[in-house]
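Trainee: This is the structure I have questions about; it appears just below.
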Amino acid sequence: MLYRENGQFKTSYRQDQQMLPILQDRIFMGLLLLFVYVGAPFIFSDYFFLSILIPFLILSLAALGLNLLVGYCGQISIGHAAFMSVGAYAAYNLVLRLPQLNFLVVLILAGLIAALVGLLFGIPSLRIRGLYLAVATLAAQFFTDWTFARVKWFTNYAPSGSVSTATIDLFGWHVDSPVRKYLFLLAVVTLFAVLAKNLVRSHIGRAWMAMRDMDVAAEVIGIRPVYAKLTAFGVSSFYVGVAGALWGFVHLGSWEPLAFNITLSLNLLFMIIIGGMGSVLGSFFGAFFIVALPILLNRAPEWIGVDMSTAMVSHLESMIFGSLIVFFLIVEPQGLARLWAIGKEKLRLWPFPH
Amino acid sequence: MRKNFNMIVLGVALMAGLIAPLVTGASSAGFYTEVLLGGLMAGVLYSLVALGFVLIFKASGVFNFAQGAMVLFAALSVARMAEMMPLWAAILLAVGIMVALAFVVERVVLRPLVNQDPVVLLMATLGVTYFLDGFGQTIWGSDIYEINLGIAKEPVMILGNLFEGGILINKDDVAATVAAALLVILLALFFQKTKTGRALRAVADDHLAAQSIGIPLNRIWVIVWSLAGVVALVAGVVWGAKLGVQFSISQVALKALPVVILGGFTSIPGAIVGGLIIGVGEKMAEVFLAPVMVKAFDLAGGGIENWFAYVLALLFLLVLPQGLFGEKHIDRV
């Protein structure tokens, strides 16, 4: 009964183009933002921030980036952790070699460098698609893995190949405690999510979706494939690069050469499958699901009183993961975001079925 | 004309890379042959995994990411069951398990997803991969296990009179090669001579037409997944006997991807030749090219075999997108 748009008339184009056209949605979003910015820092424990919320925020940014490419532009990539690593190592080297730069500038530059590398590996997409492109992106994955493990310059000649970072300093505000990290990430992710939401309903996003739905038809109606695909690769890699830099600096602090391996790439892919391809909201759902599920599974044996070895738990986790992916593909190929939309639709009509 | 020119350039470059170590005197002829043979042996294993890919891709258009997981699962089954019974019984039982697996996959994964986008099916097989990795290690354990085929492991010296020092060769490598060759011959006979094999080829050509003349698609999928399971079993046993059965086998699937790009997605000979090329190229690059690169760029060790196969596949994609033996048609944008 509460969720009705009756009487909310749009009297100008501005209103028609609002991001959240329904009043109740705006109120909900406002309350949500109020809660996550003001309420959450007082409620949750440090453990909850460190093990769930911080990885969740960074990975949702990465999933969002991948979703722009796979979900919106229809170009498959199973090597996106490569661009995360480019972002992370770019940020590391920028901080190391140009210490006078503010971290925000470093973040943007790291994203841009990742975008450049993304463009480079996106060039094959102009000629090939589908499975062939998947192999090309895998090449990106293995090549960057190798580069950062073997080329000593990138890790500043560290003997073990692992790098560690200093605390982030934003105009004298040190991002050191879990709550501060959380707030910093929240601000970055909110900004990028709003940007993405607007990007996908601009002409660029529409060009991507046209390419995804049918490339030949898109070309016929005047969309340049080269432009559409390369911008998708560039923007997507930019997002993922920024997420990689944050993953390295805020979440990990110090990391080994293979911190951004193919497992992370596949996990990003699972996030957008489970969350919903071609949906900004879905990236957040998927990231939360993938971050929370292993923790839940790790704790579940304790709760139900069964004693299980860690190896057993990790095997069970991978089984449940696999089954869920197949389950989601069969039952709801559009993911959790679609379920959310259906729920909203039902709520609008309630108590009537149609 | 331009196309041919590109191919010739690529071919000449590859051949030049191949013989460079010999010509420049960077290695002795004996050592060179040894590396070449080592590469061929590794290539046989890649071929076996790639063969499973090609079988499934031909018949159902599914790009089966789970092939590596199937290899691991089959090898684990054989290794653990061989502890309880003779090896031949374990292998027979494992064949049964792989067939059962094919039934389950067809029923639970493929049938509900029929007519979906290839990328959706690829992701579904990713789900199968995770499930099988976890399932196999849950029921069979996750240590390193051995498969003992009863073949002596010590290397044999051959061609001692031709090169100084001769060439060292492992008997189990030879056995692996023979097994792979046998398997390919059997598959070829099966595809050419039996009714089911012909039905499989019909489905591969055009599954709508095949269905309209009364070939049951669902049963064909079960058969082809079973076949891929058996190929995975052979690959798993050969690999497990050589290096021990452990989780890393599952990663071989990733190496098989460039192999099928190289050979063509739909060609069985392509899988074999592609596997051999990748195997040799990788070994050559690691042994002869990596030290040069380490010296030139001051790297922390070689390991270029991790990505060399992919770069090679990318080069091929640019010049010969359908692969060496693949069908000419390709999704071009």
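Trainee: Which residues, counting only those in region B:56-75, are over 15 Å from the mean Cα position of the chain (by Cα), at pLDDT below 90, in a helix (DSSP H, G or I) and among the hydrophobic types (A, V, I, L, M, F, W, C)?
Mentor: B:59
Trainee: Next question. For residue A:287, are the conditions met, namely being modelled with pLDDT of 90 or more, surrounded by 14 or more Cβ atoms within 10 Å (Cβ to Cβ) and under 28 Å from residue A:142 (Cα atoms)? Lay out the reasoning, then the answer.
Mentor: On the way: modelled with pLDDT of 90 or more: yes; surrounded by 14 or more Cβ atoms within 10 Å (Cβ to Cβ): yes; under 28 Å from residue A:142 (Cα atoms): yes.
Answer is yes for this residue.
Trainee: Further question: Is one or more of the residues making up region A:177-184 among the β-branched types (Val, Ile, Thr), surrounded by fewer than 18 Cβ atoms within 10 Å (Cβ to Cβ), within 22 Å of residue A:249 (Cβ to Cβ) and within 14 Å of chain B (Cβ to nearest Cβ)?
Mentor: Residues of region A:177-184 among the β-branched types (Val, Ile, Thr): A:179.
Filter once more, so that each one left must be surrounded by fewer than 18 Cβ atoms within 10 Å (Cβ to Cβ): A:179.
Imposing the further condition that a residue be within 22 Å of residue A:249 (Cβ to Cβ) reduces the set to A:179.
Then drop every residue that is not within 14 Å of chain B (Cβ to nearest Cβ), which leaves none.
For region A:177-184, residues among the β-branched types (Val, Ile, Thr), surrounded by fewer than 18 Cβ atoms within 10 Å (Cβ to Cβ), within 22 Å of residue A:249 (Cβ to Cβ) and within 14 Å of chain B (Cβ to nearest Cβ): absent.
Trainee: Can you report the number of residues in region A:303-337 which are surrounded by 13 or more Cβ atoms within 10 Å (Cβ to Cβ) and more than 14 Å from every other protein chain (Cβ to nearest Cβ)? Outline the logic, then answer.
Mentor: Quick first cut of region A:303-337, residues surrounded by 13 or more Cβ atoms within 10 Å (Cβ to Cβ) only: A:308, A:311-330, A:332-337.
Next cut, more than 14 Å from every other protein chain (Cβ to nearest Cβ) only: A:336-337.
Qualifying residue count, region A:303-337: 2.
Trainee: Now for a separate question. Inspect region B:115-124 for any residue being crowded, with 23+ Cβ neighbours inside 10 Å, at pLDDT below 90 and out of contact with any strand residue (DSSP E or B) (no Cβ under 8 Å at 6 or more places or on another chain) and give the result as yes or no.
Mentor: We begin by selecting, within region B:115-124, every residue crowded, with 23+ Cβ neighbours inside 10 Å; these are B:123-124.
Subsequent filtering for residues that are at pLDDT below 90 retains B:123-124.
If we keep only those that are out of contact with any strand residue (DSSP E or B) (no Cβ under 8 Å at 6 or more places or on another chain) too, we end up with B:123-124.
Looking for residues that are crowded, with 23+ Cβ neighbours inside 10 Å, at pLDDT below 90 and out of contact with any strand residue (DSSP E or B) (no Cβ under 8 Å at 6 or more places or on another chain), one finds at least one in region B:115-124, hence yes.
Trainee: In addition: Can you name every residue in region A:247-302 that is among the charged types (D, E, K, R) and within 14 Å of chain B (Cβ to nearest Cβ)? Write out each step before concluding.
Mentor: Keep residues of region A:247-302 that are among the charged types (D, E, K, R), which gives A:256, A:299, A:302.
A:256 - this is the single residue of region A:247-302 that is among the charged types (D, E, K, R) and within 14 Å of chain B (Cβ to nearest Cβ).
Trainee: Looking at this structure, is residue A:148 within 23 Å of residue A:77 (Cα to Cα) and touching a residue at least 60 places away in the same chain (Cβ under 8 Å)? Show your work before the answer.
Mentor: Values: within 23 Å of residue A:77 (Cα to Cα): yes; touching a residue at least 60 places away in the same chain (Cβ under 8 Å): yes.
When the stated conditions are applied, residue A:148 passes them.
Trainee: Residue B:125: part of a helix (DSSP H, G or I) and touching a residue at least 24 places away in the same chain (Cβ under 8 Å), yes or no? First the steps, then the outcome.
Mentor: On the way: part of a helix (DSSP H, G or I): yes; touching a residue at least 24 places away in the same chain (Cβ under 8 Å): yes.
When the stated conditions are applied, residue B:125 passes them.
Trainee: With respect to residue B:129, determine if the residue is within 14 Å of chain A (Cβ to nearest Cβ), under 27 Å from residue B:207 (Cα atoms) and not aromatic (Phe, Trp, Tyr).
Mentor: Working: within 14 Å of chain A (Cβ to nearest Cβ): yes; under 27 Å from residue B:207 (Cα atoms): yes; not aromatic (Phe, Trp, Tyr): yes.
It is true that residue B:129 is within 14 Å of chain A (Cβ to nearest Cβ), under 27 Å from residue B:207 (Cα atoms) and not aromatic (Phe, Trp, Tyr).
Trainee: Restricting attention to region A:100-143, report how many residues are more than 9 Å from chain B (Cβ to nearest Cβ), assigned to a helix (DSSP H, G or I) and out of contact with any Phe, Trp or Tyr (no Cβ under 7 Å at 6 or more places or on another chain). Talk me through it step by step, then tell me what you get.
Mentor: Taking region A:100-143 first, the residues more than 9 Å from chain B (Cβ to nearest Cβ) are A:100-123, A:133, A:137.
Restricting the remaining residues to those that are assigned to a helix (DSSP H, G or I) gives A:103-123, A:133, A:137.
Subset that is out of contact with any Phe, Trp or Tyr (no Cβ under 7 Å at 6 or more places or on another chain): A:103-110, A:113, A:116, A:120-121, A:123, A:133.
The number of residues fulfilling the criteria is 14.
Trainee: Can you give me the number of residues within region A:38-76 that are surrounded by 14 or more Cβ atoms within 10 Å (Cβ to Cβ) and over 20 Å from residue A:277 (Cα atoms)?
Mentor: Going through region A:38-76 one residue at a time, the tally reaches 11.
Trainee: Another question about this same structure. Collect the residues in region B:147-180 that are surrounded by fewer than 13 Cβ atoms within 10 Å (Cβ to Cβ) and modelled with pLDDT of 75 or more, keeping them in residue-number order.
Mentor: Correct list: B:178 only.
Trainee: Being farther than 15 Å from residue B:64 by Cα, modelled with pLDDT of 90 or more, under 25 Å from the mean Cα position of the chain (by Cα) and part of a helix (DSSP H, G or I): is that true of residue B:200 here?
Mentor: Values: farther than 15 Å from residue B:64 by Cα: yes; modelled with pLDDT of 90 or more: no; under 25 Å from the mean Cα position of the chain (by Cα): yes; part of a helix (DSSP H, G or I): yes.
Answer is no for this residue.
Trainee: Also, I was wondering about something else. Can you pull out the residues in region B:79-114 that are closer than 18 Å to residue B:65 by Cβ and surrounded by 20 or more Cβ atoms within 10 Å (Cβ to Cβ)?
Mentor: B:98, B:101, B:102, B:105, B:106, B:109, B:110, listed by residue number.
Trainee: Please go through region B:231-283 and pick out each residue that is part of a loop (DSSP other than H, G, I, E, B) and more than 14 Å from chain A (Cβ to nearest Cβ). Talk me through it step by step, then tell me what you get.
Mentor: Start the filter on region B:231-283 by keeping residues that are part of a loop (DSSP other than H, G, I, E, B), which leaves B:244, B:246, B:264-267.
Hits for region B:231-283 are B:244, B:267.
Trainee: Among the residues of region A:154-168, is any away from chain B (no Cβ under 14 Å) and crowded, with 20+ Cβ neighbours inside 10 Å? Before you say what the answer is, go through the steps one by one.
Mentor: Pass one, region A:154-168, residues away from chain B (no Cβ under 14 Å): A:164-168.
Checking which are crowded, with 20+ Cβ neighbours inside 10 Å leaves us with A:168.
Taking every residue of region A:154-168 in turn, at least one turns out to be away from chain B (no Cβ under 14 Å) and crowded, with 20+ Cβ neighbours inside 10 Å.
The values are calculated or read from the model by the stated rules, or taken from the named source; none is laboratory data. In this text the structure is predicted, and so the values were computed from the model without any measurement. Cβ coordinates were reconstructed from backbone atoms using ideal geometry, including for glycine residues, and neighbour counts include every protein chain displayed.
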